[in-house]
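Report on the structure given below.
The values are calculated or read from the model by the stated rules, or taken from the named source; none is laboratory data. Everything numeric here is computed off the predicted structure, so don't read it as measured data. Glycine gets a Cβ as well: all are built from the backbone with ideal geometry, and neighbour counts include every protein chain shown. The accessibility values were calculated without ligands, DNA or RNA, using every heavy atom of the protein model including side chains. Shrake-Rupley method; radii C 1.70, N 1.55, O 1.52, S 1.80 Å.
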Amino acid sequence: MAETLKLNHPYLVAVWPGMGSVALSAGYYLLAKLQMHLIAEYEAHDLFDVDHVEVKEGIIQTGRRPRNRFFVWIDPAQKHDLVVFLGEAQPPLGKYLLCRKLMDYAKELGVERVFTFAAMATQMHPEHRGRVFAAATDNEILDQLKRLELEVLEDGHIGGLNGVLLGAAVESGLRGACLLGEMPHIFSQLPFPKASLAILEVFTTITGIEVDFAELAEQARATEQQLGELLARIEKSIGSQAPLEEEGQALEPAEEPQLSPANRERIETLFDQAEKDRSKAFELKQELDRLGVFKEYEDRFLDLFKKSD
């Protein structure tokens, strides 16, 4: 970890991969639009194994473990600074140990509230207005969330680190909440930025942090239209589908995306722009996602946030 910073009544947001990339997309958007910068990295190598290696042009690369990084935004109004923790993967074992370590560091930073983001898969239509569900660590925060007319998660459970972290927060004497954006269950494996936008609108209302949502709103509109059209085609084709492959049949491996010289040049141009203005980083991420190569560029993308202006 880096040296402990002196922050003003900071809040912490923690995100990991999950359904619809809802939490990660929200985290990346905050990083880009608030022009945050890296302050620390937690090396949890003992919690992750290496199950494959990359091969590039016939050469085997060294094994890579998921990384866990903290980023910070300093509030110019000196009300609430913001720390974002971005984990590239959830460990198969040691989840609670990791959460306790993160809460120890959060207390060192003086964090006052902890927020996690997640997806809530329902039968919603992709073009309908999505709800935000919420659960809190105490009645005072729950009452605040109720005043925002959110759907309270009365009973049930929150799977993964999005929930476990808040359990560790309670044990550490910290308060917080989980915000869950609604998304269509049928498309749970596809990105759904509409849920990320809904979560961030609630989060910024709670915290008073101002964020420009224009780019995310545009992406959400485009995605909901595409998924709406896809759902209509699926419903129309029910009953006329080809038979499923039998269990045990070999499937052809998916081909790795091949970038054209023009696409590589555009990526480099966007990197140059983002290096000069980190608010442009979300446009870069959208392009990397569209081309299916974000994983290839992920470390370089996050390196954009290593230093503050």
query = Residue check, Ala121 against (1) in contact with a His (Cβ under 9 Å, 6 or more places away or on another chain); (2) part of a loop (DSSP other than H, G, I, E, B), all met but one. Which one?
reply = (2)
query = For region 50-79, which residues satisfy the criterion of being closer than 18 Å to Arg113 by Cα and surrounded by 18 or more Cβ atoms within 10 Å (Cβ to Cβ)?
reply = Phe70, Phe71, Val72, Trp73, Asp75
key: Scan of region 17-48 for residues that are within 16 Å of Val211 (Cβ to Cβ), polar (S, T, N, Q) and part of a helix (DSSP H, G or I), ordered by number   = Ser25
key: Where a residue in region 44-64 is in contact (Cβ under 8 Å) with a residue 12 or more places away in the chain and its partner, wherever it lies, is assigned to a strand (DSSP E or B), with Cβ under 7 Å and at least six apart   = Ala44/Asn68
query = Within region 187-200, can one find any residue that is open to solvent by 50 Å² or more (accessible area, probe 1.4 Å) and more than 20 Å from the chain's Cα centre (by Cα)?
reply = no
query = Within region 104-113, can one find any residue that is more than 18 Å from Ser196 (Cβ to Cβ), in contact with a Lys or Arg (Cβ under 7 Å, 6 or more places away or on another chain) and surrounded by 20 or more Cβ atoms within 10 Å (Cβ to Cβ)?
reply = yes
inquiry  = Looking at region 144-172 only, could you name the residues that are open to solvent by 50 Å² or more (accessible area, probe 1.4 Å) and either hydrophobic (A, V, I, L, M, F, W, C) or in a strand (DSSP E or B) (or both)?
reply    = Leu148, Glu151, Val170
inquiry  = I'm trying to understand the selection: among the residues of region 55-96, which are part of a loop (DSSP other than H, G, I, E, B), among the basic types (Lys, Arg) and over 18 Å from Gly27 (Cβ atoms)?
reply    = Arg64, Arg65, Lys79
query = Taking Glu182 and the conditions (1) closer than 16 Å to Met120 by Cα; (2) out of contact with any Lys or Arg (no Cβ under 7 Å at 6 or more places or on another chain); (3) charged (D, E, K, R), which numbered condition does it fall short on, given that it satisfies the others?
reply = (2)
inquiry  = I'd like to know if region 203-226 contains one or more residues that are part of a helix (DSSP H, G or I), at pLDDT below 80 and in contact with an Asp or Glu (Cβ under 6 Å, 6 or more places away or on another chain).
reply    = no
message = Return the residues of region 95-127 that are touching a Pro at 6+ places or on another chain (Cβ under 9 Å), more than 17 Å from Ala14 (Cα to Cα) and not hydroxyl-bearing (Ser, Thr, Tyr); say none if nothing qualifies.
response = Ala121, Gln123, Met124, His125, Pro126
message = Against the definition (touching a residue at least 12 places away in the same chain (Cβ under 8 Å) and hydrophobic (A, V, I, L, M, F, W, C)), how does Val83 come out, yes or no?
response = yes
ask   = What residue, of Phe301, Phe282, Phe271, is at pLDDT 85 or above and open to solvent by less than 90 Å² (accessible area, probe 1.4 Å)?
value = Phe271
ask   = Hey, Arg175 hits all of (1) under 24 Å from Leu109 (Cα atoms); (2) open to solvent by less than 60 Å² (accessible area, probe 1.4 Å); (3) in contact with a strand residue (DSSP E or B) (Cβ under 8 Å, 6 or more places away or on another chain); (4) not polar (S, T, N, Q) but one; which does it fall short on?
value = (2)
Count - residues of region 25-49 that are of a type outside the set (S, T, N, Q), in contact with a Phe, Trp or Tyr (Cβ under 8 Å, 6 or more places away or on another chain) and surrounded by fewer than 20 Cβ atoms within 10 Å (Cβ to Cβ) = 5
key: Test: residue in region 28-41 that is within 28 Å of Pro193 (Cα to Cα), of a type in the set (Lys, Arg) and free of Cβ contacts under 8 Å to residues at least 24 places away in the same chain   = no
query = Based on what the data block shows, is Met120 hydrophobic (A, V, I, L, M, F, W, C) and modelled with pLDDT of 95 or more?
reply = no
request  = Of the numbered conditions (1) open to solvent by less than 80 Å² (accessible area, probe 1.4 Å); (2) among the hydrophobic types (A, V, I, L, M, F, W, C); (3) modelled with pLDDT under 70, Ala254 fails exactly one; give the number of that condition.
outcome  = (1)
